[in-house]
Amino acid sequence: MRMKWYRLFTFLFTSVATGLAAAFLVLLLRPDLVGREPPPPPAAVVVERSSGPVSYADAVQRAAPSVVNVFASKVTRQTTNPLFEDPLFKRFFGDQLSKPRYKRENNLGSGVIVDGNGYVLTNNHVIDGASEIQVVLGDGRTMPARIVGSDPETDIAVLQAAGERLPVASFGDSDQLQVGDVVMAIGNPFGVGQTVTMGIVGATGRSELGITDFENFIQTDAAINPGNSGGALIDALGQVVGINTAIFSQSGGSHGIGFAVPIRLARDVMEQIEKQGRVIRGWLGISGQNLTPMLAESLKISMREGILVSGVLEGGPGEKAGIKPGDLIVGLDRKPVTSSQQMLRLVAEKPPGSPLSVTLVRDGTQQDQVAIVGERPSLGEH
């Protein structure tokens with residue numbers, strides 16, 4: 001009797017367990033058979049175009065309308081062969097060949113519209129000597145422009161275009177740029193039309209390149225080719241952070257090293273040109289070279305940093321302050337200086353007529369001299 005009950009209990013337990021297992025499998029694999037909808041598949045992750053490196057089209061569309069093509073032309077007089085001036089030659093061939101001939105030269109570049117009054121930032125070398133300038137907008141409008149002023153020492157020029165409803169650029173902070181930031185160059189390379197190239201910031205504060213007197217360039221590998229000069233260097237948000245200026249190349253093509261003037265420097269130049277008609281900078285009338293370890297050793301100088309004065313202009317602010325060739329300048333206004341470019345920039349920032357403390361070392365003794373800063377002569381006068 002006890003064996004029968006045991007067999008019955010085992011049969012019932014096995015049946016119930018098998019049923020529950022089957023129900024669990026049906027519920028897991030085919031929930032639709034019991035009236036339950038299967039869970040929806042995970043939603044695909046959608047990355048917005050403006051959120052990162054997927055596309056920079058929004059940034060380009062924001063900045064591109066304010067970048068213009070600049071066409072500059074000038075008439076130059078061609079030199080004649082001295083043979084044509086010879087009286088004997090004129091006797092046989094007349095004087096037609098000795099008459100001066102004139103040639104029209106065209107230059108192509110880019111520019112950036114910076115305000116609603118039609119002011120355009122570009123490079124000085126784009127419009128240097130131009131007698132006629134045309135500005136072409138991205139929407140096809142062509143309008144004449146005049147030169148408001150230029151600064152060859154930074155290669156920046158300011159134009160004013162005669163037009164209405166002009167698209168104005170948005171500016172970024174060039175002082176906040178870091179190596180590795182994404183940047184794009186917009187311009188008109190080789191005259192093919194508006195073109196955008198992309199790269200990163202390779203370096204900031206580049207100087208002593210021999211391109212201009214005052215150098216503080218942004219270096220980028222965004223391709224900058226002939227025709228890009230004066231165009232915009234923009235960040236990933238479409239804000240202008242620089243004015244494309246030069247390339248480092250022996251062939252004339254882009255090799256991945258380009259330079260742009262920081263927009264802060266370009267706007268400072270523009271503001272001075274608008275207010276004063278020119279850029280006014282401080283000047284001491286001295287020249288010098290960076291002190292190197294080899295130079296210091298040869299001259300038996302214990303200092304290892306500074307600017308060794310090599311020339312002092314007679315009657316200039318430096319001579320009046322008692323600065324002499326052979327002096328080692330180590331500080332300006334109690335700030336250490338280590339390069340001639342740094343000294344040039346610090347002096348240029350001082351208003352003419354203001355005092356400047358010059359710390360120098362002479363015969364192993366450090367002393368301070370006070371110079372009254374003069375006005376830096378325009379390019380070609382110094």
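Values quoted throughout were computed directly from the atomic coordinates according to the rules given, and no laboratory measurement underlies them. Just so you know, these numbers come straight off a predicted model, no measurement behind them. Ideal geometry is used to build each Cβ from the backbone, glycine not excepted, and the neighbour counts take in all protein chains shown.
Sorted ascending by nearby beta carbons within 10 Å, beginning with the fewest, Phe190, Phe214, Phe259 become Phe190, Phe214, Phe259. Counting other Cβ atoms within 10 Å as a rough exposure proxy, the listed residues Glu164, Glu215, Glu271, Glu153 run Glu164, Glu271, Glu153, Glu215 from fewest neighbours to most.
Suppose R0 equals 30 Å; then what is the FRET efficiency for Gln367 and Glu271 from their Cβ-Cβ distance, rounded to the nearest 0.05? Write down the numbers at each step before the final one.
Values: r = 37 Å, r/R0 = 1.24.
It comes out at approximately 0.20.
The residues neighbouring Asp333, those whose beta-carbon lies less than 14 Å from its own, together hold a net charge of +2 under the Lys/Arg +1, Asp/Glu -1 convention. With neighbour counts taken as other beta-carbon atoms within 10 Å, the residues Met343, Met198 rank, fewest first, as Met198, Met343.
About its Cα centre, what dipole magnitude does region 127-199 give when the only charges are +1 on Lys and Arg Cβ and -1 on Asp and Glu Cβ, stated in debye to the nearest 20?
Details: 3 positive and 10 negative charges, 82 e Å.
That gives region 127-199 a dipole magnitude of about 400 debye.
Grab the beta carbon distance between Glu164 and Ser131, set R0 = 22 Å, and tell me the FRET efficiency rounded to 0.05. Efficiency, from the Cβ-Cβ distance: 0.30. Taking every alpha-carbon pair under 8 Å whose residues sit at least 6 apart, region 174-276 reaches a relative contact order of 25 percent.
With each label modelled as a point 7 angstrom along the Cα→C-beta vector, the Asp333-Val75 pair spans 4.8 nm. Taking 7 Å steps out from each Cα toward its Cβ at Asn117 and Asp139 produces label points 2.2 nm apart. Distance from the Cα centroid of region 262-277 to that of region 149-185 is 11 Å (rounded to whole angstrom).
May I ask you to derive the FRET efficiency for Arg104 and Glu297 from their Cβ-Cβ distance with R0 = 56 Å, giving the value to the nearest 0.05?
E(calc), rounded to 0.05, equals 0.50.
A protection proxy built from the mean count of other Cβ atoms within 10 Å ranks the segments 116-125, 307-316, most packed first, as 116-125, 307-316.
Rounded to the nearest 20 debye, the dipole size of region 174-276 about its Cα centre is 180 debye, using +1 on the Cβ of Lys and Arg and -1 on the Cβ of Asp and Glu. With the convex hull drawn around the C-alpha atoms of region 183-322, the volume per residue stands at 174 Å³.
Less than 5 angstrom separates the built amide H of Glu132 from those of Ser73, all sequence-distant by 5 or more or on a different chain.
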